[in-house]
Structures are given as structure tokens and as C-alpha cells.
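Comments concern the structure below.
The values are calculated or read from the model by the stated rules, or taken from the named source; none is laboratory data. Treat the numbers as computed from the prediction; the structure is a model and nothing was measured. Counting neighbours? That spans all protein chains shown, and the Cβs are built from the backbone with ideal geometry, glycine included.
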Amino acid sequence: MQIKVIRSKRKTMALEVGLNDVIVRAPLNTSDAEIYSFVNQHKDWLEKKISKREERLSAGVQRHLTDEDIRLLANEAMEYIPKRAEHFATIIGVDYNGITIRNQKTRWGSCSQKGNLNFNCLLMLMPKNVIDSVVVHELCHRKHMNHSKAFYAEVIRVFPEYYECEKWLKENGPAILARMIEE
């Protein structure tokens, strides 16, 4: 697997298994040698995660989505997600500029500094509470443009079952995203 390094203003290193790569998130001043050492120290964990992900993908392999499928999902998302965003924005006490539905290969949602919300049309293949958890997550970025303790406290205040939905997304999301990948 390919290793992708993302340096940012963070204090610790973290590993993440992507669809086709391993992502290392590291502080800005971390050397390549430190990153290599960190990856080696977690080699067993990585192998276990990669193996588990491949098992889930092969067990849950479904047909790839056609352009028509994507269009239908996007239409469905444009009907459902703005209503949920409006509902939760009132509870959180935030506003936003607009909502865009996309067919992304790596993200479920995002929030820009300008207050534009983007959501993946593949969310419509998930349980409604999981969709809501993504909507709440992005709306909470209107208060906190980070993933701080304060951010997650706000998410949990609004959506107490957030961590259960996040777990579902981590376990089932890769198989759903894999339906976008062409053979």
C-alpha cells in the first residue's frame, strides 16, 4: 500500500487506512525518519486493519453504481439533506450559505469557511440516523472549524448517538465507497 503523509498543526501522529493507501497525519516539523519509524511501530495494527477492511469489502461487494444510480441518489439527497440541515441548524443555532450534493470517493461531508456545506450522495445508501450524524457533524463546524473537544461536545449535545453512527460509518462506509470505484 502507498503511504500518504499529511502534515498539519497537530501535536501527535495518527494513522488511517484509506481505500488505496495508508494516511499518516503528522505535526508540521516531523521528519520523514520519525514518520517511517512510527509506521513501523504500528505495522501489526496496520496489517490487521487492512486485512479487516479487505474482508468487509469482499463480503459486502455489491454492484458498482451506474451514472443513473448516482443521479437518483443525488436527487434523493437534495430532497432529504437540506431538510435535515435546516432542522439541526436551528437546534445548533447556526446558519449556512448553501448545500451541494456530490459523488465523492473519500468524504461524506465538508464545511467551508464561507459556510458552504457539501455532502456525498452515497449517504442516501445509509441508515437515516447515520446521515443525520454527518449533517450534525458538518453543521457543528459552523461553530468550531476544527475537531476540538469543544466541537465534539457540541456534536454530542445535539446528537448523543453520534459515536455509534461514526462506528457504523467506519465499518460500513468503505464498502459503500467501493461501489464508486470502477474496475
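Numbers for the structure displayed
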quantity	calculated
Strands (runs of 3 or more DSSP E) (entirely within region 67-183) containing at least 2 residues that are within 25 Å of LYS49 (Cβ to Cβ) and either β-branched (Val, Ile, Thr) or touching a Lys or Arg at 6+ places or on another chain (Cβ under 6 Å) (or both)	none
Residue among VAL136, VAL130 that is surrounded by 12 or more Cβ atoms within 10 Å (Cβ to Cβ), at pLDDT 95 or above and either among the acidic types (Asp, Glu) or farther than 16 Å from PRO174 by Cα (or both)	VAL136
Subset of region 22-42 [of a type in the set (S, T, N, Q) and within 11 Å of LYS4 (Cβ to Cβ)]	none
Qualifying position, being at pLDDT 95 or above, surrounded by 11 or more Cβ atoms within 10 Å (Cβ to Cβ) and either farther than 30 Å from LEU15 by Cβ or assigned by TED's automatic domain parsing to the domain that holds PRO174 (or both), among ILE70, ILE91	ILE91
Any hit, region 76-89, residues being in contact (Cβ under 8 Å) with a residue 60 or more places away in the chain and either on the phi < 0 side of the Ramachandran plot or within 18 Å of the chain's Cα centre (by Cα) (or both)	yes
Among the candidates ALA153, ALA178, residue that is loosely packed, with under 13 Cβ neighbours inside 10 Å and small (Gly, Ala, Ser)	ALA153
First in region 1-16 and surrounded by 13 or more Cβ atoms within 10 Å (Cβ to Cβ), second anywhere and part of a loop (DSSP other than H, G, I, E, B) and not hydroxyl-bearing (Ser, Thr, Tyr), Cβ under 7 Å, 6 or more apart	ARG7/LEU28; LEU15/HIS42
Filter result for THR106 (of a type outside the set (Gly, Ala, Ser), exposed (fewer than 15 other Cβ atoms within 10 Å of the Cβ), outside the structural domain of SER8 (by TED's automatic domain parsing) and at pLDDT 95 or above)	no
Checklist (1) in contact (Cβ under 8 Å) with a residue 12 or more places away in the chain; (2) in a helix (DSSP H, G or I); (3) of a type outside the set (Val, Ile, Thr) applied to ALA26, failing item	(2)
Single residue of ASN118, ASN146 found to be touching an Asp or Glu at 6+ places or on another chain (Cβ under 9 Å) and either at pLDDT 95 or above or farther than 17 Å from TYR80 by Cβ (or both)	ASN118
Number of the exception - ASN116 against (1) exposed (fewer than 13 other Cβ atoms within 10 Å of the Cβ); (2) within 30 Å of ASP21 (Cβ to Cβ)	(1)
